[in-house]
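Structure first, commentary second.
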Amino acid sequence: MNDLTLPRRGSTARSRVTPLAVRLAATLLAALTLSACVRDESDPAAANASPAPPTSTPPTTNPPPTTPPPDTTPPPVDPNQPSPPPQQTDVQRFQATLYPKLRDPANFCVGCHGAAQIPTFAVDDVMTAYNVITTQQKVNLANPALSRVYLRPAVDRHNCGANASCDRVAADFLAAIQAWANQQPSTPPPAPQSLKSSVTSLPSDFNPTGAPVTLSFDVSAIVGGNARVEMLAGQVDAASYLFAQPKLVTDTTGVKVKNIRIAVNDAVPVAAQAFRRVDTMVTQSGTELSRLGAVIPVALGASQDKFHLEFEALGNKLGSAETVAPSAPPAPAADVPEPALGVRSFSKMSDTMSALTGVSRGAAAVSTLYTDLRDSLPATDDILAFGSAQQVAIQRLATAYCGAIVTDTTACTNFFGACTIAVGARGTVADRIYDRLLGVNLASQPDKAAVNAELVDELNDLGCTNGCTGATATTALQATCAAALSSAAVTIN
């Protein structure tokens with residue numbers, strides 16, 4: 001007989017839980033065993049390795065070791081290590097170079113421009129001084145020798161004592177400006193700029209055979225204020241214009257002007273640019289820039305030609321000097337004889353005019369003009385090198401000698417017989433001019449009757465047909481005298 005055993009309290013629950021717990025433990029053990037046997041496919045060596053033999057050691061559940069991340073902590077900084085100096089500003093460069101010179105009482109600026117006198121570039125506030133010196137264009141760091149603050153003592157001798165003192169002050173300023181310029185950050189050199197005036201033309205009623213007219217060339221955009229260059233313009237003949245008496249009219253003081261060229265229809269003729277030699281500082285409006293005359297070729301004619309001026313320097317602006325390739329002289333023809341005649345050179349020209357008129361070369365009326373004209377007069381006796389610009393210079397010199405005669409009553413009476421022209425006396429005046437200037441009984445001389453007819457015609461043109469007195473007579477006598485004195489009968493030998 002089987003024994004029946006009654007279950008205890010809770011036995012049924014244990015009998016149900018036990019199989020489930022056994023199954024979970026077995027599954028977990030199997031999973032752990034398999035994970036220990038799986039290869040790391042990311043490791044090539046592991047991928048090609050043979051399976052590991054079974055081991056009796058239970059598989060580990062710890063993760064594989066990893067490489068620690070790099071230390072990104074910045075290195076310690078020495079608090080006593082000096083930082084790099086800040087970049088020097090332009091105000092500091094000015095303060096270290098030119099400013100002390102402006103403030104130095106020995107240089108004469110601070111007494112006026114360090115107080116209330118404009119421009120106040122020497123005041124004790126360096127920023128104010130810097131703004132004045134730069135915004136009012138008192139320095140030119142691109143070309144220190146054009147700086148206005150240097151030119152005032154160097155050229156104008158402005159409030160700097162005797163010449164030696166002015167030279168010292170100018171040298172101090174120039175050295176300081178140069179030092180300032182040398183400290184400027186390196187920048188690409190500026191592209192050459194062309195300094196050109198406005199374009200103008202002859203008036204519509206221009207008469208080629210009449211009096212010259214005034215042309216105006218606006219340069220305000222270059223100078224920075226109201227400014228223009230005025231000059232007389234006329235026509236010498238069908239092939240050439242004459243430009244003379246250029247002057248700068250401006251509201252700005254201290255304007256540098258250098259190397260003026262006259263362009264016709266946007267082209268600058270190479271020859272006869274007499275104003276190339278202009279190199280001056282204009283301190284007063286209306287100052288005449290040159291006493292020479294420039295003979296410029298006609299291009300399309302007076303009604304169509306357009307003119308403008310070009311400069312190498314104007315105010316604080318620098319332009320480009322023209323680069324003209326010298327033309328090679330033509331090869332001389334074989335066996336060309338030398339000319340039998342020559343032209344009097346500059347000194348011989350003045351000596352001859354002095355001897356014929358009786359006016360001394362040292363007379364004030366001619367000595368200054370001769371100095372200005374000397375380089376425009378013939379340099380050699382070679383008549384093949386004679387040009388139209390030289391004839392203009394000869395005419396001006398002759399006019400000065402004859403002017404010295406008519407302004408002296410005694411000399412005028414001795415030379416012309418009288419300083420007035422009586423009715424019917426024009427032929428007598430022409431005879432006296434011929435005899436005194438062209439000579440008599442010479443082996444080679446122009447026909448006297450033909451010359452006298454030309455001189456009488458000139459007297460008629462100048463208002464002396466029925467005789468004349470006063471300023472009219474003086475002008476007529478001077479003009480006919482100059483016409484004969486500048487003629488080939490005098491200048492060629």
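The values are calculated or read from the model by the stated rules, or taken from the named source; none is laboratory data. Owing to the predicted nature of the structure, the values given are computational and were not obtained by experimental measurement. No Cβ is skipped: glycine too gets one built from the backbone with ideal geometry, and neighbour counts run over all protein chains shown. Side chains included, ligands, DNA and RNA excluded: accessible areas come from the protein's heavy atoms. Shrake-Rupley method; radii C 1.70, N 1.55, O 1.52, S 1.80 Å.
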For this session: Roll a 1.4 angstrom probe over the protein heavy atoms and tell me the percent of accessible area of region 86-184 that is carbon or sulfur.
Result: 53
For this session: Rank these by accessible area, largest first, 1.4 Å probe: 383, 118.
Result: 118, 383
Exercise. At a Förster distance of 22 Å, what's the computed FRET efficiency of residue 375 paired with residue 245, Cβ-Cβ distance as r, to 0.05?
Worked result: 0.80
For this session: With θ set to phi - 60°, apply the Karplus curve 6.51 cos²θ - 1.76 cosθ + 1.60 along region 99-106 and write out the HN-Hα couplings as whole Hz, x wherever there is a Gly or Pro.
Result: 4, x, 5, 5, 7, 6, x, 5
Exercise. For residue 461 and residue 418, what is the calculated FRET efficiency with R₀ set at 22 Å and r taken between the beta-carbons, to the nearest 0.05?
Worked result: 0.60
For this session: Determine which residues of region 250-288 fall in the zone a paramagnetic label at residue 163 would reach in this model, i.e. backbone nitrogen under 20 Å from the point 7 Å along Cα→Cβ.
Result: 280-281
Exercise. How much net charge surrounds residue 339 when only the other residues with a Cβ under 10 Å from the Cβ of residue 339 are counted, with Lys and Arg +1 and Asp and Glu -1?
Worked result: -3
Seminar exercise, completed: Everything considered on the Cα gyration tensor (a ≥ b ≥ c; rounded for a/c under 1.5, else prolate if a/b is larger than b/c, else oblate), region 358-447 must be described as oblate
Problem set entry | Ranking by accessible area, most exposed first, for 361, 277 with a 1.4 Å probe | 277, 361
Exercise. So how far, in whole Å, is the C-alpha centre of region 430-493 from the one of region 356-391?
Worked result: 20
For this session: Quantify, in whole percent, the carbon and sulfur part of the accessible surface of region 272-311 (1.4 Å probe; protein heavy atoms only).
Result: 43
For this session: Work out from phi, with θ = phi - 60° and the Karplus expression 6.51 cos²θ - 1.76 cosθ + 1.60, the ³J(HN,Hα) of each residue of region 91-97, listed in order in whole Hz, and give x for Gly and Pro.
Result: 5, 5, 5, 4, 5, 8, 10
Exercise. Given labels modelled 7 Å from the Cα in the Cβ direction, how far is it in nm from residue 128 to residue 444?
Worked result: 7.7
Problem set entry | Counted charge near residue 107, where neighbours are those whose Cβ lies closer than 13 Å (Asp, Glu -1; Lys, Arg +1) | +1
Exercise. Rounded to the nearest 0.05, what FRET efficiency do residue 237 and residue 145 have when you use their Cβ-Cβ distance and R0 = 56 Å?
Worked result: 0.85
Exercise. At a 1.4 Å probe, what is the % contribution of carbon and sulfur to the accessible area of region 400-488?
Worked result: 51
Problem set entry | Probe 1.4 Å, accessible area per residue of region 125-226, Å² | 54
For this session: Using packing as a proxy for protection, rank 252-260, 339-347 so that the peptide with the highest average count of other Cβ atoms within 10 Å comes first.
Result: 252-260, 339-347
Exercise. All other residues with a Cβ under 15 Å from the Cβ of residue 458 taken together, and with Lys, Arg as +1 and Asp, Glu as -1, what is their net charge?
Worked result: -2
Problem set entry | Solvent-accessible area per residue, Å², over region 371-493 with all protein chains present [probe radius 1.4 Å] | 47
